Amino acid sequence: MPASSARQPQDLLQLLTRAERVAARRLRSVLDEEGCSLDEWRVLTLLSDGKGHSMTAVAEAAFLPAPTLTKLVDHLVDQNLVYRRVDPLDRRRILAHLTPRGQTYWRRLSREVRSQWPVLNEGDDELLRALLGRLVETLDETPTVDSP
């Protein structure tokens, strides 16, 4: 009896990897025209909420190791797109924020990305987001078995 597709993680992993690479390639084509990298886009997008985020939170959201993130944020600070401030609630932490110039830059990038991004059928975007979110939660909660 053939195994069900739910038990063929390599098929799902292949599809997820392909989707991520195609989406990143499309996004990079838009961002390259604006002089922005994919990693910079991830950082700017997180900071666009105006709340300020710790460097640890930014590193997690951007999928970057701390030293790489520090260099990237230094670059964004040099471009006057981001600034850092001590967290008023925990003076040991540094929060990153968008500057007014960074907010304007991010809004322009965001409009351009949205205009170039393909639209799924009505409801498919929400369904895909929900399913991927559920997959991430399931994978995060499922303990892994260490191989000998």
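Where a number appears in this text, it was derived from the coordinates with a stated rule and is not lab data. Predicted model, so just to flag it, every value in this text is computed and none were measured. When we count neighbours, we look across all protein chains shown, and the Cβ atoms used for this are built from the backbone with ideal geometry, even at glycine.
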**Q.** Relative contact order of the chain, defined on C-alpha pairs under 8 angstrom at six or more residues apart (%)
**A.** 20 percent
Q. Top mean-square fluctuation among 33, 20, 126, Gaussian network model of the chain, C-alpha springs under 10 Å?
A. 126
Q | Computed FRET value (nearest 0.05) for residue 17 with residue 108, which takes r as the C-beta separation and R₀ as 30 Å | A | 0.50
Q) Given H placed on each backbone N at 1.01 Å, which residues far from residue 99 in sequence or on other chains put an amide H within less than 5 Å of it? A) 82, 83
Q | Amide H contacts under 5 Å for residue 87, placed H, 5+ residues apart | A | 93, 94, 95
Q: For region 70-148, calculate the relative contact order in percent as a whole number, restricting contacts to Cα pairs under 8 Å that are 6 or more residues apart.
A: 17 percent
Q: Specify which residue in the list 44, 131, 105 is farthest towards the positive end of the charge dipole of the chain, using unit charges on the beta carbon of Lys, Arg (+1) and Asp, Glu (-1), about the Cα centre.
A: 105
Q: For every helix of n ≥ 4 consecutive DSSP H residues, a contribution of -39,500 (n - 2.57) applies; sum these over the chain, divide by its total residues, and give [θ] at 222 nm rounded to the nearest 500 deg cm²/dmol.
A: -20000 deg cm²/dmol
Q: Rounded to whole Hz and in sequence order, give me ³J(HN,Hα) for region 40-47 from the Karplus expression 6.51 cos²θ - 1.76 cosθ + 1.60, θ = phi - 60°, writing x for Gly and Pro.
A: 4, 4, 4, 5, 4, 5, 4, 6
